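Novice: Let me give you the structure first, and then I'll get to my questions.
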Amino acid sequence: MSDVELTADDARFRRDVADWLADHVVGEYAELEGRGGPGDDDVGFDVRVAWEHELGKAGFIGLGWPVEFGGRGATLEQQVIWAEEYTRAQAPARVNHMGENLLAPTLIEYGTPEQQERFLPGILRGDERWCQGYSEPNAGSDLANVATRARLEGDEWLVNGQKVWTSSAHVSHWCFVVARTDPSSERHRGLSFLLVPMEQPGVEVRPIVQITGGGEFNEVFFDDARTEAGLVVGDVNDGWRVAMGLLGFERGVSTLAQQVGFERELDHVLALARTRDRTRDAVLRQRLVDAWIGLRLMKWNAMRSMAAKGVPGPEASISKLFWGSWHRDLGNLMIDVLGPDGLIIEGAGADAGSYELKLEQKLFLFSRADTIYGGSNEIQRNVLGERVLGLPKEPT
Ligand SMILES: Cc1cc2nc3c(=O)[nH]c(=O)nc-3n(C[C@H](O)[C@H](O)[C@H](O)COP(=O)(O)OP(=O)(O)OC[C@H]3O[C@@H](n4cnc5c(N)ncnc54)[C@H](O)[C@@H]3O)c2cc1C
């Protein structure tokens, strides 16, 4: 966006949001210096929750949602401007990506008016955080193998089963759960998309400590967990369609917000390379330039996805494959720029959590996950091969 001519409206919008951010990213918000992104999630959490409320009060959550659902109906250009100014201001990393960018567009597309009225305002105010209950021990890439079950008893669903790798479950109020509601069904038939409250006796959350030392994801156990009969999105037993629609949002459009963080990280690598006098290394210099070019391509791809209205199709897999690989490579680059220092870890003990990682080491380790979550690279290639290019299906 910096490279093209802005309309007068867009220029005014840029000035307004830059002024607002300059006035508000102060005190403890400024002290965070934009930290708290993926892999760094536990940093300044309470401050970031307070910041989310500030954003909510000023109407900066749900920027791109339609006005009739409480959003600002901001244009694509304005959303890009917001993301750019947000990076520039080093505003705190956001806390409710799943609610704002995944569940909300799904509710707007597939939810009932009652569900929309009930859940969208809590997200817009920054009050209600959401997590994603898809993966299970035997259902990751093969999501249709979901074994968590839900049955109707009176006016409630009773949910039983286990989810795993549930990001932010320990700090979420609600979980959107893919569960089998037709016990005789197999594979993707007979599943439903349920909205389940987390704060109840039937839900147990156990954090998983990662190699980065953080515990941003969890195991979640449902043991007769309850939710209201009406809290199923789409038709009962037709949850696969809704679950896939949400994945389209996850793989495509929502990456714009994520790119805010990527831009900041790339700036950091460039600054590091300069201060460590690494830019004279021709191979490293070329990798830095490649990273810069890759980020531009990613932005334009995200804008192309966003410009297409409705539920993103399989082409969202292009974005996921591209950004996942790009960010993993940025992690490698960061460690290579550090040189031998990158290999030294401060602190005692080999157990995760017992050592102090440098920010760059955290990113290197966490970015290994980028080619796995939201659908692994291999799965994205299958989707593209089969559903976009029309190649023969792989043998099962
Ligand atoms: C940081 C992080 C956060 C996550 N957050 C969440 C969350 O909030 N909610 C949630 O529900 N899940 C979450 N996940 C889980 C994520 O969606 C799964 O890890 C992912 O879908 C892969 O599933 P899996 O781990 O079971 O691996 P598997 O499916 O067992 O795959 C293992 C390997 O086999 C490959 N493979 C599998 N099938 C095929 C195939 N048909 N063709 C070729 N190769 C194949 C995969 O690419 C992979 O390399 C998260 C994961 C990570 C790493």
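Novice: For a quick check: with amide H placed at 1.01 Å from N, whose amide H comes under 5 Å from Cys131's, ignoring anything fewer than 5 positions away on the same chain?
Specialist: Trp174, Cys175, Phe176
Novice: Any idea what log10 I(q)/I(0) is at q = 0.17 Å⁻¹ for the stretch 152-250, Debye with uniform C-alpha scatterers and no solvent?
Specialist: Scattering profile of the stretch 152-250, log10 relative to I(0): -0.79.
Novice: Using a 1.4 angstrom probe and counting only protein chains, how large is the accessible area of Tyr29 in Å², to 10?
Specialist: 30
Novice: With a probe of 1.4 Å, find how much accessible area the chain has per residue, and write the answer as a whole number in Å².
Specialist: Per-residue value: 47 Å².
Novice: Also, I was wondering about something else. When the accessible area of the stretch 120-279 is split by element with a 1.4 Å probe, what percent falls to carbon and sulfur? Numbers along the way, then the final one.
Specialist: Values: 3220 of 6620 Å².
So the carbon and sulfur contribution to the accessible surface is 49 percent.
Novice: Taking H as built 1.01 Å from N, whose amide H comes closer than 5 Å to the amide H of Gly234, not counting residues under 5 places away?
Specialist: Long-range HN contacts for Gly234: Thr112.
Novice: If I build a Gaussian network model for the chain, linking alpha-carbon pairs within less than 10 angstrom, which residue out of Gly245, Gly73, Gly339 has the largest mean-square fluctuation?
Specialist: In this elastic network of the chain, the residue with the biggest mean-square fluctuation among Gly245, Gly73, Gly339 is Gly339.
Novice: OK, next. Could you check which residue among Asp224, Asp23, Asp267 shows the biggest mean-square fluctuation in a GNM of the chain with a 10 Å Cα cutoff?
Specialist: Largest GNM mean-square fluctuation: Asp23.
Novice: On to the next question. For the chain, take the convex hull of the Cα atoms, compute a quarter of its surface area, and give me that in nm², please.
Specialist: It is 21.3 nm².
Novice: Can you report the principal axis dimensions of the stretch 61-207 using only the alpha carbons, biggest first, rounded to whole angstrom?
Specialist: Principal extents (Cα only, largest first): 50, 33, 29 Å.
Novice: Something else about it: If you build a Gaussian network model of the chain, linking Cα atoms that sit under 10 Å apart, which residue out of Gly133, Gly70, Gly62 swings the most?
Specialist: Of Gly133, Gly70, Gly62, the Gaussian network model singles out Gly70 as fluctuating most.
Novice: From the convex hull of the Cα coordinates of the stretch 238-396, what is the mean projected area in square nanometres?
Specialist: 12.5
Novice: Report, to two decimal places, the Cα Rg of the stretch 199-254 normalised by 2.2 N^0.38 Å (N = number of residues).
Specialist: Dividing the Cα radius of gyration by 2.2 N^0.38 Å gives 1.51.
Novice: Output the Cα-based Rg and Dmax of the stretch 1-65 in Å, rounding Rg to one decimal and Dmax to a whole number.
Specialist: Spelled out, the Cα radius of gyration and Dmax of the stretch 1-65 are 14.1, 40 Å.
Novice: How large is ³J(HN,Hα), in whole Hz, for each residue of the stretch 235-245 in order, when computed from phi with the Karplus curve 6.51 cos²θ - 1.76 cosθ + 1.60 and θ = phi - 60°, using x for Gly and Pro?
Specialist: For the stretch 235-245, the Karplus curve yields 7, 4, 6, 10, x, 4, 4, 5, 4, 6, x Hz.
Novice: How high is the relative contact order of the chain, given as a whole-number percent (alpha carbon pairs under 8 Å, six or more residues apart)?
Specialist: 14
Novice: Also, I was wondering about something else. Excluding ligands and nucleic acids, what accessible area in Å² is computed for Glu28 using a 1.4 Å probe, to the nearest 10?
Specialist: Ignoring ligands and nucleic acids, Glu28 comes out at about 100 Å².
Novice: Just to check I understand the Karplus step: with θ = phi - 60° and J = 6.51 cos²θ - 1.76 cosθ + 1.60, what whole-Hz values come out for the stretch 156-161, glycine and proline as x?
Specialist: With the stated coefficients, the stretch 156-161 comes to 9, 8, 10, 10, 9, x Hz.
Novice: Any number yet on Rg/Rh for the stretch 308-393, C-alpha, Kirkwood?
Specialist: Rounded to two decimals, Rg over Rh is 1.16.
Novice: Can you pull the percent of the stretch 56-109's accessible area that's carbon plus sulfur, 1.4 Å probe, other chains left in place? Write out the running numbers ahead of the final one.
Specialist: Details: 950 of 1930 Å².
About 49 percent, which is the carbon plus sulfur part of the accessible surface.
Novice: Rounded to the nearest 500, what is the 222 nm mean residue ellipticity of the chain from helices alone, with -39500 (n - 2.57) per DSSP H run of 4+ residues and division by all residues? Numbers along the way, then the final one.
Specialist: Values: 12 runs with 166 residues, N = 396.
That comes out to -13500 deg cm²/dmol.
Novice: With only alpha-carbon atoms counted, please give the Rg and Dmax of the stretch 186-327, in Å.
Specialist: Rg and Dmax of the stretch 186-327, Cα atoms, are 20.7, 64 Å.
The values are calculated or read from the model by the stated rules, or taken from the named source; none is laboratory data. Everything numeric in this text was worked out from a predicted model, so none of it was measured. Side chains included, ligands, DNA and RNA excluded: accessible areas come from the protein's heavy atoms. Shrake-Rupley method; radii C 1.70, N 1.55, O 1.52, S 1.80 Å.
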